[in-house]
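Below is one structure, written out as structure tokens, with a few remarks after it.
The values are calculated or read from the model by the stated rules, or taken from the named source; none is laboratory data. Just so it is clear, the structure is predicted and the values come from calculations on it, not from any experiment. Cβ coordinates were reconstructed from backbone atoms using ideal geometry, including for glycine residues, and neighbour counts include every protein chain displayed. SASA here: full protein model, heavy atoms, side chains in, ligands and nucleic acids out. Shrake-Rupley method; radii C 1.70, N 1.55, O 1.52, S 1.80 Å.
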Amino acid sequence: MRFEETPSLEKFVLDYLQRVGALTEQESYATLGVLLPDDLTGYFREEQLLLAFDYEVAEETEGSLLITHGSPFLDKTVESVLQNYGHFTVRYWSGHIPELPRNFEQKILAKLEFRRCRPPKVNMHVVEECIFYEFNFRCTFRSHEKSEEVVTVVVNGSNGQVQTDFFQSWQKHVPAEKREYSLPQARQLPLDGLYQTACRNAEQVTQMWVDKIMAQGAWQKKKELAKIASYYGELAAEIQKKLTGLGDLKKKARLEQQMSATLADRERREKDATERYGVEVDIHLDHVVAYYIPCLWVKLELAHKDQVRAFTVFYNPLSNEIETPVCECCGRQTTSLVPDRDGFVCPECSVGGRKK
């Protein structure tokens, strides 16, 4: 399986430029010449660009612009995709600004375990508007049959976590066409990083589709290979029968050549059949939906020995759930947290369990 023939970052930029009407030409290895349309020259403040996707190439190519994660051009490209792309939709939270549930401390105890700490107490909370990005990737699967699927990944723009059950909650909510509230916006992670997170998760989901397609075609492949084996097996047996006890050297040489050609043809047919039932995947970003939702950041106080520790949790009123936090050491989600130095980590990373 391949995510694209070219690296995902280069492919993303190339797809964007082509879809907005820019003229592009591969100048050399890892460099792309670009002539922007009139409506984008002001946005990028250039009419012609030479983009480089390799650091050494950029260093050696005068006038080139290095495109990498965090580069200004890439940030502006992603911003343009999310704000001006042909398939971009914005949906807003409707109704009242959410409040902290009265039983919030009980919700925390039901969701999270803080080891070696007294039960958490709510110190304060703030309500901020968070953006959840729904990245929709169109996947084309080429095998013995061609098919298409849309893979959807929703990412919390404030912390980069993938939302696996987002639509179960959103389907119960009626979105508004415009904001019905006034709130500060929560901090946002770089958009290119959110996009890369979505790409990684989309590739994982796509692999599941690949496995399914291969499983569905397995019996057909087995049946076709069996036919090939039976047909060429009979041919080879017939030639071998003629060779047995044959004294004419010319006829023997001719039959041996025929046997060699038969075996080579069988190998070719088996290879073609195997490749036909393999799966090749093309995947590209099709459209994006941004959900603006007021969420709560809740600061907790936890007593640990003679210290008072602070820890902040994220509460999503759409799902009425506390989002699973991540370990401050390994970055993996965990529902069990252990005080460690100045923060909280998962049990595996805690003192005594951490690998040296």
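Numbers at a glance
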read-out: Test: residue in the stretch 1-21 that is more than 21 Å from the chain's Cα centre (by Cα), open to solvent by 30 Å² or more (accessible area, probe 1.4 Å) and at pLDDT 80 or above; value: no
read-out: The stretch 26-49, residues that are exposed (fewer than 12 other Cβ atoms within 10 Å of the Cβ) and either within 27 Å of the chain's Cα centre (by Cα) or farther than 16 Å from G63 by Cα (or both); value: Q26, Y29, D38, D39, G42
read-out: Out of F141, F104, F135, sole residue that is of a type outside the set (A, V, I, L, M) and over 20 Å from the mean Cα position of the chain (by Cα); value: F104
read-out: Considering residues of the stretch 129-172 that are of a type in the set (F, W, Y) and more than 30 Å from K223 (Cα to Cα) only, the residue surrounded by the fewest Cβ atoms within 10 Å (Cβ to Cβ); value: F167
read-out: Residue check for I213: more than 30 Å from C130 (Cα to Cα), open to solvent by less than 60 Å² (accessible area, probe 1.4 Å) and touching a strand residue (DSSP E or B) at 6+ places or on another chain (Cβ under 8 Å); value: yes
read-out: Condition check for F104: of a type in the set (F, W, Y), open to solvent by 10 Å² or more (accessible area, probe 1.4 Å), in contact (Cβ under 8 Å) with a residue 60 or more places away in the chain and out of contact with any Asp or Glu (no Cβ under 9 Å at 6 or more places or on another chain); value: no
read-out: Exclusive hit being in contact with a strand residue (DSSP E or B) (Cβ under 7 Å, 6 or more places away or on another chain) and open to solvent by 30 Å² or more (accessible area, probe 1.4 Å), set R341, R332; value: R332
read-out: Yes/no for E280 being in contact (Cβ under 8 Å) with a residue 12 or more places away in the chain and either under 19 Å from G157 (Cβ atoms) or open to solvent by 40 Å² or more (accessible area, probe 1.4 Å) (or both); value: yes
read-out: Neighbours by Cβ (under 6 Å, 6+ apart or cross-chain): first from the stretch 247-264, part of a helix (DSSP H, G or I) and open to solvent by 90 Å² or more (accessible area, probe 1.4 Å); second of a type in the set (D, E) and modelled with pLDDT of 90 or more; value: none
read-out: Residue match in the stretch 244-255 (condition: hydrophobic (A, V, I, L, M, F, W, C), at pLDDT below 85 and on the phi < 0 side of the Ramachandran plot); value: yes
read-out: Any hit, the stretch 188-200, residues being over 14 Å from V153 (Cα atoms), in contact with a strand residue (DSSP E or B) (Cβ under 7 Å, 6 or more places away or on another chain) and not in a helix (DSSP H, G or I); value: yes
